[in-house]
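Before any comments, here is the structure.
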Amino acid sequence: MAERRAGLRYAVFDSSAALLRYIERPAAYGFAEARAACCGLGDMNAKIGCTPVSFYCANRTGYVFWDFYHPTEATARMLTAVAFDGSPPLVFPVNIRQLAAM
């Protein structure tokens with residue numbers, strides 16, 4: 001991309017690949033639950049999003065997902081850390097910290 005645009009600097013973050021790592025090996029990243037949502041209703045708390053009558057997990061830092069779609073704060077923090085300080089193949093050609101220093 002930079003070859004076509006002189007002076008262009010960029011960072012690409014493969015957030016899907018990073019998130020998939022947490023889902024496939026949750027314990028390796030400090031999570032206890034990667035399939036069920038922390039908050040919601042129905043099967044795995046994923047049929048209906050959070051409502052005032054939803055089940056809320058006791059330890060949301062142990063869950064990858066807050067509801068059927070959104071990551072928990074713990075997951076978002078980890079994804080942000082990878083974007084800022086990660087390396088290929090998840091972040092390339094440079095990470096955000098390196099990009100900001102250019």
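Any chance you could count how many residues in the range 48-98 are of a type in the set (Ser, Thr, Tyr) and farther than 23 Å from GLU24 by Cβ? Residues that pass the stated criteria total 3. Of the residues making up the range 51-94, those that are assigned to a loop (DSSP other than H, G, I, E, B), of a type in the set (S, T, N, Q) and either touching a strand residue (DSSP E or B) at 6+ places or on another chain (Cβ under 8 Å) or on the phi > 0 side of the Ramachandran plot (or both) are THR51, SER54, THR72. One residue alone among GLY42, GLY49, GLY86 is modelled with pLDDT of 95 or more and either small (Gly, Ala, Ser) or over 14 Å from the mean Cα position of the chain (by Cα) (or both), and that residue is GLY86.
The values are calculated or read from the model by the stated rules, or taken from the named source; none is laboratory data. From a predicted model like this one, the values you see are computed outputs, not experimental measurements. Here Cβ is always computed from backbone atoms with ideal geometry, including for glycine, and neighbour counts include all displayed protein chains.
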